[in-house]
Amino acid sequence: MTETTSTAAAQDTLGRPAPGQRHVIAALFVDFGGNGRPPRARYECVPCNYASPIATGADAVTTFVATAADEHRTTCINYQEAS
């Protein structure tokens, strides 16, 4: 996504996105591993400050990536209000 507005114009005085602007409410982090490191992944929800346990290993990461966001969305009231 390319941002076309200046940072100052896209935020209010508290640093929140201006009305109509997109903002991040959750993130899925995936490290594909390599050089002897196994793959790993974690999920974080900004509104409720949730950080999942880290999934480690190819099979665990594959399963985690497929389900983590949906599983958290069903239980996070803060996420439902933010979307």
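Out of the residues in segment 42-76 meeting the condition of being more than 11 Å from the chain's Cα centre (by Cα) and part of a strand (DSSP E or B), tell me which one is surrounded by the fewest Cβ atoms within 10 Å (Cβ to Cβ). Of everything passing the filter in segment 42-76, 56 is surrounded by the fewest Cβ atoms within 10 Å (Cβ to Cβ).
Of the set (1) at pLDDT 65 or above; (2) small (Gly, Ala, Ser); (3) within 14 Å of the chain's Cα centre (by Cα), all apply to residue 18 but (3).
If you take the residues of segment 35-78 that are among the hydrophobic types (A, V, I, L, M, F, W, C) and within 30 Å of residue 19 (Cβ to Cβ), which of them is modelled with the lowest pLDDT? Here the residue is 77. Testing residue 81 on (1) outside any loop (DSSP other than H, G, I, E, B); (2) surrounded by 11 or more Cβ atoms within 10 Å (Cβ to Cβ); (3) modelled with pLDDT under 85, one condition comes back false. Which one is that? Every listed condition holds for residue 81 apart from (2).
The values are calculated or read from the model by the stated rules, or taken from the named source; none is laboratory data. Fair warning: this is a prediction, and the values are worked out from it, not measured in the lab. Reconstructed Cβ throughout: ideal geometry from the backbone, glycine too, with neighbour counts over all protein chains shown.
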